[in-house]
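Enquirer: One structure is given below, represented as structure tokens, and several questions about it will come after.
The values are calculated or read from the model by the stated rules, or taken from the named source; none is laboratory data. Predicted, not measured: the structure shown is a model, and the values here were computed from it. Cβ coordinates were reconstructed from backbone atoms using ideal geometry, including for glycine residues, and neighbour counts include every protein chain displayed. For the accessible areas, the whole protein counts, side chains as well, though only heavy atoms, and no ligand, DNA or RNA atoms are used. Shrake-Rupley method; radii C 1.70, N 1.55, O 1.52, S 1.80 Å.
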Amino acid sequence: MNIQYKKGVLELCVLAKLSFEDCYGYDISETISQHIDISDGTVYPILRKLKSDGLVTTYLSEESGGPPRKYYRLTELGRKEYIQAKREWLDFTKKVAKILSEDMNEEK
Amino acid sequence: MKKNEYIGALQSALTKAKINDIEEILADYEQHFVQKMEAGYSEEEIAAQLGRPDRIAAQFAEITPQQMEAVRMGALPAIGLGVAAVPVVLLFILGALWGICMAIFAFASAICGGFLIGKINLAKIIPTMPYSSALLFGIALMALAILTAAATMLYFAYLSHLWRQYFNWQRRTINGESSTERSQQQNQSKRTLQTLIRISLILFGVFAVAGYLNSVILSGQLEFWHAWHWFA
């Protein structure tokens, strides 16, 4: 799939994953790469951008003995942005699908 | 690539791309290695799935907030702002001066409008006229002040946008990086300003005309300023 398409939606996918639960960066990359073919490392620049935009925040949590691990969490702003971006995306894809299907009808 | 090699390569790529908070970023990737190793992957597999360190560093460079870059630019005079850039910088300074003129004009309009509305005649700068005319002209001037102030803000936003683009272009030319487009987040405030400009423009027009008509009717002359001896 076209890399430019992916770039645009990865942010939305990250927000979606975080809207369910707080995650490690690792969880997010695992979830996304199950469905979309991306490099695992791509998730962290996105998380950093979301953090600098104030949409996500991080906290450290002690896990069974080992060093503390970093969790990502959606902020209130992040949740609002996600809801809006999700709506826009679904609306957009619906329209694109409509255009594509009309196009196919003409070809027939 | 082993974990340590990968982290080392990533560190040098991030350093080369002048990214801030490298330690924090590396900690994320270290944790990623640890967790994937717990899930049973080998260090080589994990490194391969992460993607090339230079590509990742480029992605971090793309999303670096612009303010940070501006600070870094300021700290590095050796950015290559050579002799050729001086006219451009002068142009920007001129542009900024023009913006300041606009701001002063807005301020002056607000003060005159305030004087007219509030019946204040400091230093006798307000010519004689009935208060109804003064009120209408005063509101028109206030609208003009808002109009100019909003236009000034838009103008400065545009100027700083151009300025950043110019700097980024310089930086890319020097570093030989590929061009990256950044999304604008201030679209909302921009739209608000544009609405404000439209509304204040209409208010200004309406009240200026109303003030003029009112003055003409009260003075009985089209050139009402003669009737009230403004320039006598």
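To keep it simple, each residue is scored yes or no on (1) surrounded by 14 or more Cβ atoms within 10 Å (Cβ to Cβ); (2) of a type in the set (Val, Ile, Thr); (3) at pLDDT below 85.
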position: B:104; (1), (2), (3): no, yes, no
position: B:108; (1), (2), (3): yes, no, no
position: B:111; (1), (2), (3): yes, yes, no
position: B:116; (1), (2), (3): yes, no, no
position: B:121; (1), (2), (3): no, no, yes
position: B:134; (1), (2), (3): yes, no, no
position: B:146; (1), (2), (3): yes, yes, no
position: B:150; (1), (2), (3): yes, no, no
position: B:153; (1), (2), (3): yes, no, no
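Enquirer: Can you name every residue in segment B:106-128 that is in contact (Cβ under 8 Å) with a residue 12 or more places away in the chain and on the phi > 0 side of the Ramachandran plot?
Expert: B:119
Enquirer: Among what's in segment B:13-40 and is more than 9 Å from chain A (Cβ to nearest Cβ) and farther than 15 Å from residue A:41 by Cβ, pick the residue that is farthest from the chain's Cα centre (by Cα).
Expert: B:40
Enquirer: Another question, then. Filter segment B:41-57 for residues that are open to solvent by 50 Å² or more (accessible area, probe 1.4 Å), assigned to a helix (DSSP H, G or I) and more than 8 Å from every other protein chain (Cβ to nearest Cβ) and give the result.
Expert: Scanning segment B:41-57 gives B:44, B:45, B:48, B:54.
Enquirer: Hey, another quick one. When you check residue A:90 against the structure, is it part of a helix (DSSP H, G or I), open to solvent by less than 50 Å² (accessible area, probe 1.4 Å) and hydrophobic (A, V, I, L, M, F, W, C), yes or no?
Expert: So residue A:90 fails the test.
Enquirer: Then there is this: Name the single residue that is farthest from the other protein chains (Cβ to nearest Cβ) among those in segment A:24-62 being more than 18 Å from residue A:85 (Cβ to Cβ) and of a type in the set (A, V, I, L, M, F, W, C).
Expert: Once the filter is applied, the top-ranked residue is A:60.
Enquirer: In segment B:16-40, how many are open to solvent by less than 60 Å² (accessible area, probe 1.4 Å), among the aliphatic types (A, V, I, L, M) and part of a helix (DSSP H, G or I)?
Expert: 5
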